[in-house]
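The values are calculated or read from the model by the stated rules, or taken from the named source; none is laboratory data. Because the structure is a prediction, the values reported are computed rather than measured. Ideal geometry is used to build each Cβ from the backbone, glycine not excepted, and the neighbour counts take in all protein chains shown.
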Amino acid sequence: MGARMRGGLGRSVMLLASLWTGAAAAADAIAWREGTVLPNGDAGMMYMASRGGFGAPFGIDITMLALKGDPLLLKAMLAGELDSYIGGPASPLVAASRGADVKIVGCGWNRQTYRLIANASVGTLVDLRGKTLGISSPGSAPDIFMRAALATVGVAPNEVRFVAAGVPSDLINAIATGVLAATATPSEYETRAIGLGLHVVARAEEVTPLAPYRCYFTSGALVAAKPDAVARFLAAEMAAYHWSMAHRDATIALTRAITHAPASAPEPEDGYDQPMRLGVLDTSFEPPMQRLAWLQHTLEAGGQMKPGLDLTKLVDTAPLLRARALFAGVGAAADAGVVAALAHQGVQAQ
């Protein structure tokens, strides 16, 4: 989407963009590699800290890397290929129960928004027994949601067949053609699914209301070695979410720029509006201990993780406390720089 700025205003904004994007380098910004899943309808929020230049006032330069699913992100982080990533807590909990060096340093999405989409062969969750279900990858957040949803009606994992079949749009198309019976997708794909004659069998806020959605993960070794860098990164993310929640159109425009979604695609709007409507976002980034405990119990009951993990040792909020102080001192003054940085990418922000 092109920026609609002309003449002196456009030149002024481009000058500000140069100053804003150059601020981090001038201050010897810390390079930070952040991972996330492949871009969906909420990509504008997920990428705002990096694309909007929010790291600059905090002295950190954020580069995003997208991978297919939480398990791959976890592996990349543990291998040192990422400094941190944002994703579902299931894989980190399982890994931590087996001794992996994983830390939760904040959580910005406090509840799931997944939808279990099905074709006409499925009326209720019970009807999924004996069916073939699509997932993005084993152990991913949608996979965990689907298993938890099935458990609410007594359908065991061995009573269905799980098939890894790609990204949400591919999964929905496979259901529409009868290759799959159902799948779990982010809520922004609900409109597209209904348009193809499919329907929603279950919503996360109804069947798994305590399930946590997304947290920030890094290693204990990195927290110990670079606590200030972790705090600066979290402060930049915190500032970005505050800004995104107040700037709907610009965030949606960034989503379209990242995903190359056509103007007719409903996902960018739905990917912004659904989390806002459901109150999913928590800009304090406080880890939701009750929700994490629910997930731990669910994974232990399903035999997916070893029992006995101490969640208080998995969570480290020391960098978060520092991040809040940094954001309070700097974050509110970021608006002009964000407008400039987004304009540099062809996205208009008001």
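Among the residues of the range 217-240, just one is surrounded by fewer than 24 Cβ atoms within 10 Å (Cβ to Cβ), under 23 Å from GLY69 (Cα atoms) and not small (Gly, Ala, Ser), namely LEU222. As a summary of the residue check, ARG111 satisfies the conditions (1) of a type outside the set (Ser, Thr, Tyr); (2) surrounded by fewer than 23 Cβ atoms within 10 Å (Cβ to Cβ); (3) modelled with pLDDT under 95; (4) farther than 20 Å from ALA204 by Cα except for the one numbered (4).
Per the conditions (1) in the same structural domain as TYR189 (by TED's automatic domain parsing); (2) touching a helix residue (DSSP H, G or I) at 6+ places or on another chain (Cβ under 8 Å); (3) free of Cβ contacts under 8 Å to residues at least 40 places away in the same chain, the sole criterion not satisfied by VAL126 is (2).
Confirm whether VAL230 is touching a helix residue (DSSP H, G or I) at 6+ places or on another chain (Cβ under 7 Å), of a type in the set (A, V, I, L, M, F, W, C), closer than 19 Å to GLU34 by Cβ and modelled with pLDDT of 95 or more. Break it down into steps so the answer makes sense when it comes.
Working: touching a helix residue (DSSP H, G or I) at 6+ places or on another chain (Cβ under 7 Å): yes; of a type in the set (A, V, I, L, M, F, W, C): yes; closer than 19 Å to GLU34 by Cβ: yes; modelled with pLDDT of 95 or more: yes.
Considered against the rule, which asks whether it is touching a helix residue (DSSP H, G or I) at 6+ places or on another chain (Cβ under 7 Å), of a type in the set (A, V, I, L, M, F, W, C), closer than 19 Å to GLU34 by Cβ and modelled with pLDDT of 95 or more, VAL230 comes out as yes.
Within the range 77-85, the presence of a residue that is assigned to a loop (DSSP other than H, G, I, E, B) and within 19 Å of LEU309 (Cα to Cα) is excluded. Of the set (1) part of a loop (DSSP other than H, G, I, E, B); (2) under 22 Å from the mean Cα position of the chain (by Cα), all apply to GLY197 but (2).
Could you check the range 28-51 and list, in sequence order, the residues that are assigned to a loop (DSSP other than H, G, I, E, B) and closer than 19 Å to GLU269 by Cα?
Taking the range 28-51 and keeping what is assigned to a loop (DSSP other than H, G, I, E, B), we get 28-29, 38-42.
Within the range 28-51, LEU38, PRO39, ASN40, GLY41, ASP42 meet the criteria.
Across the range 325-335, the qualifying residues are those that are buried (at least 20 other Cβ atoms within 10 Å of the Cβ) and modelled with pLDDT of 90 or more, and the one among them that is nearest to VAL223 (Cα to Cα) is LEU326.
When the range 37-56 is filtered for residues that are touching a Leu at 6+ places or on another chain (Cβ under 9 Å) and either surrounded by fewer than 23 Cβ atoms within 10 Å (Cβ to Cβ) or at pLDDT below 90 (or both), the ones remaining, listed by number, are LEU38, ARG51. Apart from one condition, PRO92 fits all of (1) surrounded by 21 or more Cβ atoms within 10 Å (Cβ to Cβ); (2) in a strand (DSSP E or B); the exception is (2).
Is there a residue in the range 173-190 that is buried (at least 23 other Cβ atoms within 10 Å of the Cβ), under 19 Å from GLN274 (Cα atoms) and of a type in the set (Gly, Ala, Ser)? Yes, there is a match, as at least one residue in the range 173-190 is buried (at least 23 other Cβ atoms within 10 Å of the Cβ), under 19 Å from GLN274 (Cα atoms) and of a type in the set (Gly, Ala, Ser).
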